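**Q** If you scroll down you'll find the structure; I have some questions about it.
The values are calculated or read from the model by the stated rules, or taken from the named source; none is laboratory data. Computed from a predicted structure; not experimentally measured. Note: ideal-geometry Cβ built from the backbone for every residue, glycine included; neighbour counts use all protein chains shown. These area figures cover heavy atoms from the full protein model, side chains too; ligands, DNA and RNA do not enter into them. Shrake-Rupley method; radii C 1.70, N 1.55, O 1.52, S 1.80 Å.
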Amino acid sequence: SIGSNRLLVALSALLLAAGPVRFVGVPAAAILIVVLFVELLMELCRASEQSSRFPGFIEKLKHSAHRLALPLVLAAVLVFAIRGGHLSLPSNVGELQGKGTFLPVPPQYVAGLKDLPARRFGHIPIEDRFQLDTFFGLRSYVPLIYGIMHTNLWALCLLPLPVCYGLQAKLVSSYPKWRGCIPHHPVWLHRTLGYILVGGLLVAAMVWLVFQGLNCFVSQLSDPQVCDAFDPKAAAGKDVFVLRFHIVWPLMFFFIPLMAFDRYPDSWGAPQSLDDSRPFSRSVATDAESTRLLADAEGRSGAGMHNEEEKLSALQHLLRFLHHRLVEVCLAVAALAGSALAFLGSGSSAFVPLFVPFWPIVLFFVAVQIMVKFRSFVAWLIGPAFGCLSARSGEWSGLLKNAWWEIAYSSHVFAFTVMVAFALLIRLQVFWPALFTWGLYFYDRKLCVDAASRNRTPIIIGQKKASYVVNTSEGDGARPSHVRLVLKRPEGFQYKAGQWVHLALHHCGAHCGMPSWLSPMLHWHAFSLASAEHEEELEFHIAVCGSGQPIVDDSMTVTASAQGDHFLRLSRRGHWLDWFFPHRVPYLGVKPDSTMSGATYEASTSGIYIDLVGPDGTRLKAMQPQLQWTGRLWNTVQWMLQMNGSGDEIPAQIVQIMGPYGSLPYTCDAHNAVMLIGAGVGFPSTGSMLRNILEDNLSRPVEEKKAVCFMWTATKVDQLLLCFPSLLVDLTRYAHKKSLQELQSWLTIKIFISSFDAGDFLSIDPGKHLFPESRE
């Protein structure tokens, strides 16, 4: 696969050459030459780090000659283009359009049209002889705008290609040698292209506003044409204005959350501190606690230092809080101005005859954010006596936290879909190249949806190889930890060990409560396959997220209603969000009668279960609600295991599968010796490849066996609970069929635990559920 550093340099070179170099000329070409020089240095460093089979530096350079030649050839082409005058700065319409532009030059960029209304209003085309407008003597303004816009167009066209996982998998499966064309980090590349597009739009907007706005303000009386950019006269100019101001700019607010997904939207309730910069996945101690621990470790009381650090910390938090609110106020002002602009300019374009509400929506969310943050700030200043100011917003914050992936992903898809659709509708003659790449993307989505409709398979319980769950602690302290999910392999489902898929289960989540047959509206999550390709079952090792404090506490009053034959809808009294988003949990025991609908129960908790007792003594046992998709999957599997243990009929739980994806197995197949590295519960993909190699090496001669170094790192011992038994079983099977000595001849295994306590231990008994052919 293409590495990230090399790909970033190549991407920068491509976008610079496609945009600024063509239009701005020598200054941009000089920047591109610097970029190519950086790539050359990277290739030289990579060549010097070649393995010992290339002993001399010259030999290493010869081995990397094809990589070193590319930046040198491109730099030479640029030098010859500069010396031949092919990168000159255009001065008139003909020279600019001769560079290969995607649209004719609009009237506001052409000088001398003040007394030519037919050309100024777009009734007749502008001839090549007309000079480009200069802004305060700068001839490079219009070429610079064109260079940035062409860069943005290329970024928009390339944007969907890295995430066309289905087409990539089909390409690599048909032509394995083409795996080198697949990016090593497709999400990183997709995000980088998104940043380039957003940055290009912002830079072009700022340059456009500064030059056009200042020129309009200074020269509007002597030359009214300079203000045509803000009050376009031609129909095409009005269409571009609406596309730019009414649609593209406000929609940028919607697709940024997924680009910054690793920063969870911090609590809207009263915070422990006012630090808005905490990642959602990281547990951060307060500064006061850190100071206390440091003082204890050094054997000092540290009372004075503690007070000074606390004051400094509070001041830093206050300044950070005010800075973030200032940014939000600026965003609110921009959204307010955009709303006014959208309202006054509604209906000015024939393509968008109605009012477009994107700016008011942005204004609403920014205003709510500012108000809730201000209330949190007041609650933090006043103290816990007025904690009611933030109690209700805590529920909303919790909902955002647990549904943040779905919110960010949905807004991302919505924004880009709407933006590309309007761009093609309003300016097809400009954005038509995007039809090819975005057409491939939507074809890829169609392939995935077709696969989801075709690959519907039940969860396996109670068979030789079956699903099971792992929990932390026992009794009342039990919490979900991991799921070993085993599915029946759908007919015709072909994959290779080491690939990954998207899974969806309707009971675990669907957008707006959509039915299971509407596959795109289900909550889809990516997991690596832990099974080998010769097996008849599909296996997944899944860690449960968000299984901390229980949702339903002892003595809590809940309202329960039946949903189907095996599930309840629970809502807690006093929790207003539960009425809109009730918890859906499986229950155990006799099916409740119709009088249960909407009945009130008192709950008592028992670890992973809750007991519901009605006013008339009616009792039900249900699973403790879970907020995350993985927790709901754990609930479903545990409920099925309980039903199987009680001898009851287990209702089929159908999982839908998109995929498979990934090119890693083809890289593994291309080498005679491999190193497989897994971290934490990231064992499945490397473990499945090891399992497949174990199976293949059984039939290979000794001299042809693939050598493997398998490394597995974990932060805690409990991360081994799910995967280590499977690893032992796989090794035992091979040693039983061959010998331990032969296994050791080609396999090396190293497991590292980064932290552990004195009482940690690992007790492994694979049992019949993992090793059905074993004897007692």
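**Q** Between Ala118 and Phe442, how many nm apart are label points set 7 Å from Cα along the C-beta direction?
**A** Between Ala118 and Phe442, the simple spin-label model gives 4.0 nm.
**Q** Might you tell me the accessible area per residue for segment 640-747, computed with a 1.4 Å probe and given in Å²? Write out the running numbers ahead of the final one.
**A** Working: 4790 Å² over 108 residues.
Dividing the accessible area of segment 640-747 by its residue count gives 44 Å².
**Q** In addition: If the chain between Leu70 and Leu336 were fully stretched, how many nm would it gain, using 0.36 nm times the residue separation less the Cα-Cα distance? Please list the in-between numbers first.
**A** Details: separation 266, 0.36 × 266 = 95.76 nm, distance 4.96 nm.
Additional length available on full extension: 90.8 nm.
**Q** How high is the relative contact order of segment 435-578, in percent, counting Cα pairs under 8 Å that sit 6 or more residues apart? Working shown, then result.
**A** Values: 191 pairs, mean separation 27.0, N = 144.
Worked out over segment 435-578, it gives 19 percent.
**Q** Mind giving me the nanometre distance, one decimal, between the label points for Asp565 and Leu698, set 7 Å out from Cα along Cα→Cβ?
**A** Here the modelled spin labels are 3.9 nm apart.
**Q** Something else now. Please give the charge dipole size of segment 447-522, origin at the Cα centre, charges +1 on K and R Cβ atoms and -1 on D and E Cβ atoms. Round to the nearest 20 debye. Mind showing how you got there, number by number?
**A** Values: 9 positive and 4 negative charges, 71 e Å.
Charge dipole of segment 447-522: 340 debye, to the nearest 20.
**Q** Assuming R0 = 41 Å, what is the FRET efficiency of His511 and Ser745, from their Cβ-Cβ distance, to the nearest 0.05?
**A** Calculated value: 0.20.
**Q** Please compute the length gained on full extension between Val327 and Glu491, using 0.36 nm multiplied by the number of residues separating them and subtracting their Cα-Cα distance. List each step's numbers first, then the result.
**A** On the way: separation 164, 0.36 × 164 = 59.04 nm, distance 5.45 nm.
Here the answer is 53.6 nm.
**Q** Taking the mean number of other Cβ atoms within 10 Å as a proxy for protection, how do you rank 735-743, 171-179 from highest to lowest? Please list the in-between numbers first.
**A** Numbers: 735-743: 12.9, 171-179: 15.1.
Averaged packing, sorted descending, gives the order 171-179, 735-743.
**Q** Which of Lys464/Lys706; Lys705/Lys737; Lys465/Lys716; Lys464/Lys716; Lys488/Lys737; Lys170/Lys496 have a Cα-Cα distance over 18 Å? Numbers along the way, then the final one.
**A** On the way: Lys464/Lys706 30 Å; Lys705/Lys737 15 Å; Lys465/Lys716 27 Å; Lys464/Lys716 30 Å; Lys488/Lys737 26 Å; Lys170/Lys496 12 Å.
With Cα atoms farther than 18 Å apart: Lys464/Lys706; Lys465/Lys716; Lys464/Lys716; Lys488/Lys737.
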